[in-house]
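**Q** One structure coming up, written as structure tokens, with questions to follow.
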Amino acid sequence: MTAADRAVRDFFISYTGANRPWAEWIAVELERAGYTTVLQAWDFRPGTDFMHKMQEATTSAQRTIAVLSPAYFGSDFSEAEWRSAFVKDPTGELGLLVPVRVQPCEPPGLLASRVYVDLVGADEVVARNRLLAAADPGRPRPRSAAFPGGEGAGPSPEGGETARFPGLGPKMTNLPSRNLNFSGRDGQLLTLHDNLHAGLTAVILPTAAVHGLGGVGKTQLVLEYAHRFASDYDVIWWISAEPTSAVAALAELAGRLGIPTAANQDEMAAGLFELLRDQARWLLVYDNAESPAQLSGLLPPGGRGHVLVTSRWSAWGAQASPLELDVLARAESIEFLRRRTGTQDDHGLAALAELVGDLPLALEEAAAYLEETRENLDDYLELIRDRSRELFGLDDPAGAGDPDSDRRRVATVWSVSLDRVHAQAPAAEALLSLCAFLAAEVPRDLPTRHPDVLPEDLAAMARDRLAYNRALAAIGRYSLAAVSPAVVGLHRLVQAVIQARLGEAGERAWAEAAVALLRAAFPNDSWEVSSWPECELLLPHLIAVAGHAERLGIAGEAVSWLLDRASAYLRERGQYRQAKPLAERGITTAEAAFGPNDPAVAWRRDALGRVLRALGDLSGAREQSERALAIGEAALGPDDSGVATLRSNLGNVLRDLGDLPGAREQYERALAISEGALGPDHSDVAGCRNNLGGVLQELGDLPGAREQLERALAIGEAALGPDHPYVGIGRSNLARVLQELGDLPGAREQYERALAISEAALGPDHPTVGIRRSNLGGALQDLGDLPGAREQYERAVAISEAALGPDHPDVGIRLNNLGGVLRDLGDLPGAREQYERALAIGEAALGPDNPTVRTLRRNLDSVTTH
């Protein structure tokens with residue numbers, strides 16, 4: 001700078017290289033309006049010290065304009081430049097920092113407190129008016145000025161090239177039209193922008209690859225990026241990545257940029273790459289590349305522009321900055337459907353999004369169908385649930401003879417990749433066929449755990465780790481599944497397409513293979529705590545294979561077993577409502593597979609009875625238990641240990657119904673059978689003694705009850721270990737007898753140990769833990785610790801309501817207990833409220849004449865007449 005140059009300037013313009021055209025346009029407009037500016041591109045001469053010039057510029061200019069864009073916030077120097085003005089004017093009253101937003105972005109940190117001039121989406125006239133108004137709202141401005149770009153544009157400050165209004169976007173482009181229905185994906189768009197601009201000064205050409213499942217919206221994301229950030233570029237060219245089409249598209253661009261036309265399009269492409277090597281501000285988009293190898297020789301070897309690639313192939317890390325695109329977030333799906341259909345029923349739209357897995361292509365298909373047919377959303381939801389295969393064209397992926405080929409998109413979008421896998425990697429196709437009948441997220445090692453139950457070709461591959469990994473790699477290359485170290489994830493519509501391609505015989509064969517795999521993998525003792533992590537992992541796959549098997553009418557015996565084990569797992573986890581339909585399906589499949597009088601049916605009915613009892617449906621539980629006992633005794637004989645279990649479970653129901661003599665009879669017969677069949681030290685014998693001790697207590701025989709419970713506890717601890725949940729039950733039962741015998745310290749000790757066992761084994765929110773806390777509350781109440789009792793009762797109510805629902809009879813019992821301690825604390829209105837709630841629940845669930853309900857009524861009367 002000369003001495004004159006170093007004089008105070010009106011504005012220093014802070015920008016990053018990607019937004020130089022914006023900075024130059026702003027400088028031109030300000031100088032035309034009579035202001036002076038400092039601009040790096042014009043005023044920092046070669047050979048000078050950059051940091052010295054920057055310091056000089058920030059101190060010599062009265063005000064700073066910050067040109068805001070995503071690239072600006074990633075610049076190493078931008079923050080230092082605008083902070084200099086911010087420090088001088090921290091409140092903004094002097095207007096020394098003027099943010100000017102030129103691309104969609106949210107200013108971070110302290111910049112968020114400044115009102116910015118928004119030029120996003122503004123045309124040249126509006127943008128100029130906004131800029132000059134911000135520069136000096138009170139100063140008169142010229143009413144007209146020559147437009148600095150296009151026809152008649154004046155020279156740039158450097159001479160030679162003309163300055164253009166950057167908001168016009170690229171001078172040369174063949175971009176497809178913008179998708180006006182595009183919504184969401186803001187985070188991915190900014191990530192894409194950052195990935196490309198991070199390599200702005202790198203020797204290697206900045207390249208980003210967007211990869212993901214077919215139909216996930218890769219092309220639409222890149223198209224939106226090109227439109228949204230068009231002002232970053234002077235040239236944007238869209239290229240189909242198929243090699244022949246790509247060469248033609250590159251040759252067309254070469255001709256548009258002045259390279260002589262030649263018969264050999266490869267020569268024109270080479271000439272184009274040479275031209276672009278010395279250029280900046282260009283973007284080439286290669287859409288739907290099969291693999292990096294497909295683009296060999298088709299990418300510019302260098303330059304200061306950007307390249308974007310879309311692909312189903314996932315392995316782009318060596319060639320580009322990969323961005324994996326997943327399905328839409330649920331909120332984005334709902335917003336998209338709302339905008340496309342005009343429907344405001346967010347609940348229905350959420351259900352639709354769930355059914356199509358938030359996949360953009362499927363969402364578009366659904367929206368187009370609703371637009372075309374004007375179908376009521378509820379009717380459409382019913383249709384898609386019942387007829388998704390027909391609706392999405394899965395039974396006829398080719399769509400032969402159907403003019404409405406768009407309906408086939410959801411199927412055909414993946415069929416191309418599936419055809420390629422079929423030709424190149426049959427083992428991978430077999431693995432996909434198996435996974436199509438499992439849940440979406442398949443544990444990566446699941447097929448390798450039990451290869452002996454799989455079809456031979458797949459079994460051989462599953463035994464060979466290298467071959468298995470190669471198959472997974474082939475699947476991942478085409479984004480037919482998301483392959484990670486832990487899982488192989490398939491979209492539900494990909495699974496549906498694979499199933500439809502198999503035909504009926506193929507579906508039956510692969511569904512049977514999936515059932516066999518789950519039958520081998522799912523824990524037999526699913527009710528044991530130690531098996532629960534594996535049950536939890538495999539349960540979604542069990543549900544999936546059972547549904548397919550029932551639909552196809554196959555593998556009834558194995559499916560019945562799976563449903564029973566799943567129901568038992570959920571029941572022991574306290575998820576009774578979820579366990580019930582599986583138990584019911586277990587009966588149906590067992591009867592179909594074995595006939596109505598088989599022992600397997602007896603066990604399935606017994607399992608349903610246990611669930612119904614837990615749900616408070618005692619009449620239903622009694623019916624199932626009695627039918628189970630009749631079938632089991634006829635099939636197994638009266639002295640079989642299994643019959644003892646069936647009698648014990650029937651005794652539990654009778655006890656809950658208030659038939660204490662009937663319950664005692666069943667327990668005593670069960671104990672005799674178990675001891676005779678299994679010996680006196682078996683854990684099943686401990687269970688029988690526990691049950692017998694409980695009913696003896698209720699019958700008033702406290703010494704007899706204590707004897708049975710102490711013997712049960714000793715057997716259980718020896719057989720199962722001291723920390724087993726069943727031992728917790730035994731300690732709790734013994735505590736109840738000790739409490740009634742007046743040994744309150746002993747009762748409290750047993751309750752506390754039972755609570756610790758149950759909470760550690762089952763978790764703090766299990767309904768059994770609610771029972772343990774309620775029991776402990778009773779002991780504390782008897783000991784006079786009323787605040788402690790109240791705390792335990794309140795926690796018990798909360799656990800039971802959350803686990804069982806507000807109308808379960810166990811919740812009524814917990815409320816009754818809470819009412820009792822409130823009464824003892826002198827809070828009669830609170831006690832009355834809890835007693836009233838308990839009685840209402842009890843009468844609705846158990847009937848007005850149930851013994852428990854009569855007790856609840858007496859408690860309410862005691863505070864009502866007080």
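**Q** Quick check on packing: order 89-97, 765-773, 753-761 by the mean number of other C-beta atoms within 10 Å, highest mean leading. Let's see the in-between values first.
**A** Values: 89-97: 13.4, 765-773: 23.2, 753-761: 19.7.
Output ranking for 89-97, 765-773, 753-761: 765-773, 753-761, 89-97.
**Q** Carbon and sulfur atoms: what percent of the 1.4 Å accessible area of the chain do they account for? Spell out each step's value before the answer.
**A** On the way: 18610 of 37300 Å².
That fraction is 50 percent.
**Q** With contacts defined as alpha carbon pairs under 8 Å and 6 or more residues apart, what's the relative contact order of region 221-379 in percent? Write down the numbers at each step before the final one.
**A** On the way: 191 pairs, mean separation 27.1, N = 159.
Relative contact order here is 17 percent.
**Q** Oh, and also: Write out the trypsin sites (Lys or Arg not before Pro) in region 290-382 meeting two conditions: DSSP loop, and at most 13 other Cβ atoms within 10 Å of their Cβ.
**A** Arg374
**Q** Which aspartates and glutamates have a Cα lying under 13 Å from the Cα of Lys580, excluding residues fewer than 8 positions away in the same chain?
**A** Once the sequence-local aspartates and glutamates are set aside, what remains near Lys580 is Asp564, Glu572, Asp606, Asp617.
**Q** Please determine, in degrees from 0 to 90 and to the nearest 10, the orientation of helix 809-824 with respect to the longest principal axis defined by the Cα atoms of the chain, where the helix direction is its Cα long axis.
**A** Compared with the principal axis, the helix lies near 80 degrees.
**Q** Now, a different point. Please state the relative contact order of the chain as a whole percent: Cα pairs under 8 Å, 6+ residues apart?
**A** On the way: 1377 pairs, mean separation 45.5, N = 866.
Worked out over the chain, it gives 5 percent.
**Q** Probe of 1.4 angstrom, ligands and nucleic acids ignored: what's the accessible area per residue over region 440-507, in square angstrom? Walk me through the numbers on the way to the answer.
**A** Numbers: 3030 Å² over 68 residues.
So region 440-507 comes to 45 Å² accessible per residue, rounded to a whole number.
**Q** Same structure, new question: What percent does the relative contact order of region 534-607 come to when contacts are Cα pairs within less than 8 Å and at least six residues apart? Present the calculation step by step, with values, prior to reporting the outcome.
**A** Details: 72 pairs, mean separation 20.0, N = 74.
The normalised contact order for region 534-607 reaches 27 percent.
**Q** Between 0 and 90 degrees, rounded to the nearest ten: what's the tilt of helix 465-477 against the longest Cα principal axis of the chain?
**A** Helix 465-477 sits roughly 50 degrees off the main axis of the chain.
**Q** Could you compute Rg(Cα) / (2.2 N^0.38 Å) for the chain, with N its residue count?
**A** Working: Rg = 37.2 Å, N = 866, 2.2 N^0.38 = 28.8 Å.
Compared with the compact-globule rule of thumb, the chain sits at 1.30.
**Q** Cross-link partners among lysines for Lys171, C-alpha distance below 27 Å, same-chain residues fewer than 8 apart left out?
**A** Cross-link targets: Lys218.
**Q** Would you mind counting up the charge near Asp701? Only other residues with Cβ under 13 Å from its Cβ, with Lys and Arg at +1 and Asp and Glu at -1.
**A** On the way: positive: Arg664, Arg706; negative: Glu668, Glu698, Glu707, Glu740.
That sum, taken over residues with Cβ under 13 Å, equals -2.
**Q** Ok, one more. Calculate how steeply helix 243-256 sits against the longest principal axis of the alpha-carbon atoms of the chain, using the helix alpha-carbon long axis, and give the answer as 0 to 90 degrees to the nearest 10.
**A** 30 degrees
**Q** Could you give the nm distance between label points at Ala520 and Ala423, where each point is 7 Å from its Cα heading toward the beta carbon?
**A** 3.3 nm
**Q** Counting DSSP beta bridges with both partners in the chain, what percentage is antiparallel, nearest 5?
**A** Numbers: 6 of 45 bridges.
Of those bridges, close to 15 percent are antiparallel.
**Q** Sticking with this one: Which aspartates and glutamates does Lys53 reach when only Cα atoms under 17 Å apart count, and residues fewer than 8 places away in its own chain are ignored?
**A** Asp5, Asp10, Asp43, Asp76, Glu79, Glu81
The values are calculated or read from the model by the stated rules, or taken from the named source; none is laboratory data. The shown structure was predicted, so the numbers you read here are calculated from the model rather than taken from an experiment. Every residue, glycine among them, receives a Cβ derived from its backbone with ideal geometry; neighbour counts consider all protein chains shown. What goes into the accessible areas is simple: the full protein's heavy atoms, side chains included, and nothing from ligands, DNA or RNA. Shrake-Rupley method; radii C 1.70, N 1.55, O 1.52, S 1.80 Å.
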